[in-house]
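Some notes on the structure that comes next.
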Ligand code: APR
């Protein structure tokens with residue numbers, strides 16, 4: 001059974017098999033955690049991303065980690081929040097499910113998630129946390145190789161939300 005952990009901090013500093021990037025569908029970098037990961041990984045990350053042909057919302061693609069401590073980066077594209085009537089919840093669940101599936105298929109043992117879609121994409125933090133925790137908990141019941149899954153909160157609000165939810 002994989003262990004779920006919560007930390008507050010910068011995902012680019014983690015020495016895990018894979019960190020998940022909250023990217024956009026072009027996979028050409030951006031702001032927020034996407035920008036931080038590309039800055040820390042160096043130009044090789046963008047060069048590899050350019051060979052992937054983008055990524056649909058709710059799906060995920062993997063690259064090397066380059067100068068990051070993490071071996072791999074799993075780029076997933078979260079939904080932009082438009083009020084909840086555009087299948088946003090299902091798409092966000094897919095980001096977690098597909099990222100977990102890629103990691104477990106590659107027999108990775110540890111991975112870390114940022115709070116996907118809760119920044120620029122304005123997805124409500126509480127609802128996003130419920131989706132994230134449910135998808136990860138469901139996956140750990142059948143995960144073959146993943147032993148450590150870390151939720152990384154960059155801001156205090158997300159950290160408190162996850163802390164409360166993971167306690168209960
Ligand atoms: N480590 C961990 N989490 C971080 C970091 C970091 N270094 N930097 C930002 N975050 C957090 C934000 O505080 C937020 O909680 O990541 C979460 C996701 O926010 P965004 O990075 O804005 O991502 P998202 O809301 O999914 O929007 C994606 O923003 O940066 C662009 O190219 C990206 O177009 C895409 C969009």
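Select from the stretch 46-62 the residues that are closer than 29 Å to residue 1 by Cα and not in a loop (DSSP other than H, G, I, E, B) and write down the one among them that is nearest to the chain's Cα centre (by Cα).
Checking each candidate, the answer is 60.
Output the qualifying pairs, or none if there are none: Cβ atoms under 7 angstrom, residues six or more apart or on different chains, first residue in the stretch 47-58 and farther than 16 Å from residue 30 by Cβ, second residue at pLDDT 95 or above and in a loop (DSSP other than H, G, I, E, B).
Final answer for the pair search is 56/25; 58/79.
Yes/no per residue for (1) closer than 12 Å to residue 96 by Cβ; (2) in contact (Cβ under 8 Å) with a residue 24 or more places away in the chain; (3) over 14 Å from the mean Cα position of the chain (by Cα); (4) within 11 Å of the ligand (Cβ to nearest atom):
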position: 137; (1), (2), (3), (4): yes, yes, yes, no
position: 140; (1), (2), (3), (4): yes, yes, yes, no
position: 154; (1), (2), (3), (4): no, yes, no, yes
position: 168; (1), (2), (3), (4): no, no, yes, no
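Of the residues that make up the stretch 44-67, is at least one within 16 Å of the ligand (Cβ to nearest atom) and under 16 Å from residue 10 (Cα atoms)?
Checked against the condition, which is being within 16 Å of the ligand (Cβ to nearest atom) and under 16 Å from residue 10 (Cα atoms), the stretch 44-67 yields at least one hit.
Could you grab me the full set of residues in the stretch 24-43 that are over 23 Å from residue 92 (Cα atoms), within 11 Å of the ligand (Cβ to nearest atom) and either part of a loop (DSSP other than H, G, I, E, B) or touching a helix residue (DSSP H, G or I) at 6+ places or on another chain (Cβ under 7 Å) (or both)? Before the answer, list the steps.
At the first step, the residues of the stretch 24-43 found to be over 23 Å from residue 92 (Cα atoms) are 39-43.
Okay, now just the ones that are also within 11 Å of the ligand (Cβ to nearest atom), so 39-40.
Within the stretch 24-43, just 40 meets the criteria.
With respect to residue 3, determine if the residue is at pLDDT below 95 and more than 13 Å from the ligand (Cβ to nearest atom).
Yes: the conditions hold for residue 3.
State yes or no: is residue 142 surrounded by fewer than 21 Cβ atoms within 10 Å (Cβ to Cβ), in contact with a helix residue (DSSP H, G or I) (Cβ under 9 Å, 6 or more places away or on another chain) and farther than 16 Å from residue 22 by Cα?
yes
The values are calculated or read from the model by the stated rules, or taken from the named source; none is laboratory data. As the structure is a computational prediction, the values presented were derived from the model and not from experiment. Here the Cβ is made from the backbone with ideal geometry for all residues, glycine too, and neighbour counts use every protein chain on show.
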